[in-house]
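The values are calculated or read from the model by the stated rules, or taken from the named source; none is laboratory data. Since the model is a prediction, treat every value here as computed from it, not as a measurement. Using ideal geometry, Cβ is built from the backbone for each residue, glycine included, and neighbour counts are taken over all protein chains shown. Heavy atoms of the whole protein, side chains included, go into the accessibility calculation; ligands, DNA and RNA do not. Shrake-Rupley method; radii C 1.70, N 1.55, O 1.52, S 1.80 Å.
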Amino acid sequence: MLINNGFNEDKIQSPLRYIWSIFKSKSIAVLAMWAIVILIFISLFASWIVPHPPLLQDPEQMLLPPYWVEGGTIDHVLGTDELGRDTLSRLFHGVQYTLGGALIITFFVSLIGMTIGAGAALTKGVKASILHHLLDALLAIPSLLSALILITFFGPSYINCLIAIALSLLPQFIRASFLAIEQELNKQYIIALQLDGAAKTRLFRYGILPNILEPTITILNRLFTMAIIEIATLGFLGFGAQLPQTELGALIANSMELIYLSPWLVAFPGLAIFIIIIIVNVFAEGLRHAVIEGEE
């Protein structure tokens, strides 16, 4: 709990600065943070930094291997696909679709979920009870299955894929935030603030929110990871990004027939998904430990 304990002046004056000072001491987490910055930069500016247009076909350069393999060329660092399109350019655009979509989902789900979860936890009563039972019913269905059911109604497309995944993950975030806030409400300092007449919005902003950072980081990390996996899965199954969009899961699906002839066309998008998830998890774990140490 972030309160004034009288021993660490820096911690008292600026808890976030104190947490940042702890986080900076974790070199692996800082490295992961800068890797995330690079990935976000790629997502935002993929169209300007790719070496070739991702849809540009070159019949004379079909199925080139990566440059370090015999037959490869430095002009196509990661090789080309069956239509002569540059693999690196398509991979960058795939990161834009997959990572960018996961960030959008995480932002909106966390914003809406925290609002609903906090409102239910702070008001309680019949509305909270109804929400609680509704969440129990929704959480009985796996999120990927929920997304598949929703997208059959919306129709396969990248935007509909993001909406379906967001709606399928929203109940999980509402439940997690509801439980975290409800647990915090039972603590003595919250009871004291309530007796002092603190308004619910002020109680949440200055009392509860700073003290649920650790579980919130864990929830957000899980939410983001699931969003990445589900975007790629729906893209692989043909329910997400449609041609000529270059989402990572769709890139894997489109290259499965060539896996024995050009395995790099499947390996690179799969490796990109794996690396993104690892980087985000390392960053989130480092941040979570910094918050825990900052609260001690």
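Of 277, 208, 159, the residue with the greatest mean-square motion in the GNM of the chain, using alpha carbon springs below 10 Å, is 159.
Normalising the Debye intensity of segment 124-221 to I(0), with uniform scatterers on Cα atoms only, and taking log10 at q = 0.15, 0.16, 0.19, 0.24 Å⁻¹ returns -0.74, -0.80, -0.97, -1.20. Under conditions of 25 °C and 0.890 mPa s, the chain yields 115 µm² s⁻¹ as its translational diffusion coefficient, taking Rh as the Kirkwood radius over Cα pairs in the Stokes-Einstein equation. Hey, with R₀ at 41 Å, roughly what FRET efficiency would residue 275 and residue 183 work out to, going by the Cβ-Cβ distance, to 0.05? Computed FRET efficiency for residue 275 and residue 183: 0.75.
From helices alone, the chain scores -23500 deg cm²/dmol at 222 nm; the rule is -39500 (n - 2.57) for each run of n ≥ 4 DSSP H residues, then divide by the residue total. What the phi angles of segment 44-56 give under the Karplus curve with 6.51, -1.76 and 1.60, with θ = phi - 60°, is a coupling list of 6, 10, 4, 5, 9, 10, 6, x, 9, x, x, 9, 6 Hz, glycine and proline written as x. Shown for the chain: lysine pairs separated by 8 or more places, or found on different chains, whose C-alpha atoms are under 30 Å apart, numbering 9.
From the alpha carbon centroid of segment 25-42 to that of segment 165-228 is 26 Å.
Compute the accessible area per residue over the chain, keeping the other protein chains in place, probe 1.4 Å, unit Å². If you can, show how the numbers build up before the last one.
Values: 15760 Å² over 296 residues.
Roughly 53 Å² per residue, with all protein chains present.
Please compute, over every Cα-Cα pair in segment 222-296, the percentage with a separation greater than 22 angstrom. Tail of the P(r) past 22 Å holds 36 percent of the pairs.
With a 10 Å cut-off between alpha carbons and a GNM built on the chain, which of 285, 184, 70 moves the most? Looking only at 285, 184, 70, the biggest GNM fluctuation is shown by 70.
Any idea what diffusion coefficient segment 44-182 gets from Stokes-Einstein, in µm²/s, Kirkwood Rh on alpha carbon pairs, 25 °C, 0.890 mPa s? The calculation lands on 136 µm²/s.
Note on segment 24-89: with neighbouring protein chains present and a 1.4 Å probe, carbon and sulfur make up 68 percent of its accessible heavy-atom surface. Along each principal axis, taking the top coordinate minus the bottom one, the Cα set of segment 41-118 gives 59, 21, 20 Å in descending order. Nearest 10 degrees is fine. How inclined is helix 213-237 to the longest principal axis of the chain, computing both from alpha carbons? Between helix and principal axis, roughly 30 degrees. Each 5 Å bin, from zero up to the one with the longest distance, holds this percent of the alpha carbon pairs of segment 139-296: 1, 8, 14, 14, 15, 13, 11, 9, 6, 4, 2, 1, 1, 0, 0.
GNM on the chain, alpha-carbon springs under 10 angstrom: the most fluctuating residue among 113, 238, 71 is 71.
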